[in-house]
Every structure is written in structure tokens, then in C-alpha cells.
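Everything below concerns the one structure shown next.
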Amino acid sequence: MIRLSHCICTAAACLALSTLTSVASADGREWNDGPVVNVASIRTVDGHFDDYMHWLSTTWKKQEEAAKKAGHITGYRIFVVEARGPNDPDILLVTEFKNWAALDHLGSKLDAVSAEVEGSVDKANQSEVDRAKIRTVLGSRTQQEIFLK
């Protein structure tokens, strides 16, 4: 009797597991969409790493916090990386968005954030020009994280 009971429980568990697996891939995909992440590659000018980090810890952080509060982004991070050559980044700025749709009309949304933080879009633009003296933007890449089912 105990052996029969054990076999029934094992069969029920296998049936439940196979049902969950079929439901998990009912849409034909083995993954779920995760957040969209933009990574900007930055190379600081020799001798200006601390200057750029100061800007990141003040103005940039205020902009990111305001964009997060407004719901434009879900998070942000900074990575300091080993530059292996003169054209490699030494800083990665990572900005996370809920999904691809969050990028729709993002320019005008972030202009409003910049105006709020720096006083006006013109002042934000001038700040961008001034930062070119201490860093170079090597490029950026946008990708989406996925979660396996």
C-alpha cells in the first residue's frame, strides 16, 4: 500500500512538472523579456578621471535620480573598467529601462530632466561641451536582458 501510494505521488509530481513546463513555453519562447539596458563607454582624458567622477557624483547622479523619480528609467550604475588600449573605455555608464517602449520620445523626456537639474537645455548643452575636455564618449550599446523560463 505504501509503495502504491509512493508511485501515485511520484506520477502526480511528474504530471504537475510536465504541465508547468508546457505552460511556461505556451507562447513558444523559452524566455521572458527583461529590462532594456544602455551601456555608454567613456574614456577619461589622462589626469581628469577624478574630475569626471566628481561630475558623475553630482550633476549626473541628480539627472539619473530625477529620471528615475519621473519613471523614465528604472536604475543606473557605473562600472570602472580596465582600459586595455588607448581606444578602450575606463568607465561604463549603465542605464536601465523597463522595456523598449520606455525609449519612445526619450530625448524630449530627458531634455526636461536636464532643464530641471541644470537650469535649461542650453546650460545642459554647454555642460556637455565642457565635459568633452575631460572625457570622450566612445559609443554606446543598447541591449535587452532575458530571463530563461
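The values are calculated or read from the model by the stated rules, or taken from the named source; none is laboratory data. All of these numbers come straight from a predicted model, not from anything done at the bench. Positions of Cβ are generated from backbone atoms using ideal geometry, with glycine treated the same way; all protein chains shown enter the neighbour counts. What goes into the accessible areas is simple: the full protein's heavy atoms, side chains included, and nothing from ligands, DNA or RNA. Shrake-Rupley method; radii C 1.70, N 1.55, O 1.52, S 1.80 Å.
Of all residues in segment 67-112, those that are open to solvent by 60 Å² or more (accessible area, probe 1.4 Å), modelled with pLDDT of 95 or more and among the acidic types (Asp, Glu) total 2.
Among the residues of this structure, Thr136 counts as one that is farther than 23 Å from Glu65 by Cβ and of a type in the set (Ser, Thr, Tyr).
I need the full set of residues from segment 113-131 which are of a type outside the set (Val, Ile, Thr) and open to solvent by 60 Å² or more (accessible area, probe 1.4 Å), in order please. Once the filter is applied, which keeps residues that are of a type outside the set (Val, Ile, Thr) and open to solvent by 60 Å² or more (accessible area, probe 1.4 Å), segment 113-131 yields Glu116, Asp122, Lys123, Asn125, Gln126, Glu128, Asp130. Against the numbered list (1) more than 20 Å from Leu138 (Cβ to Cβ); (2) free of Cβ contacts under 8 Å to residues at least 60 places away in the same chain, Ala83 comes up short only at (1).
Go through the residues of segment 54-62 one by one and say whether even a single one is aliphatic (A, V, I, L, M), touching a strand residue (DSSP E or B) at 6+ places or on another chain (Cβ under 8 Å) and closer than 24 Å to Ser108 by Cβ. Looking through segment 54-62, at least one residue is aliphatic (A, V, I, L, M), touching a strand residue (DSSP E or B) at 6+ places or on another chain (Cβ under 8 Å) and closer than 24 Å to Ser108 by Cβ.
The single condition among (1) loosely packed, with under 13 Cβ neighbours inside 10 Å; (2) modelled with pLDDT under 95 that Ala24 does not satisfy is (1).
Restricting to segment 27-45, give me the number of residues that are among the charged types (D, E, K, R) and modelled with pLDDT under 95.
If we filter segment 27-45 for residues that are among the charged types (D, E, K, R), which is where we start, we get 27, 29-30, 33, 43.
With the extra rule that they be modelled with pLDDT under 95, the set shrinks to 27, 29.
Number of matching residues: 2.
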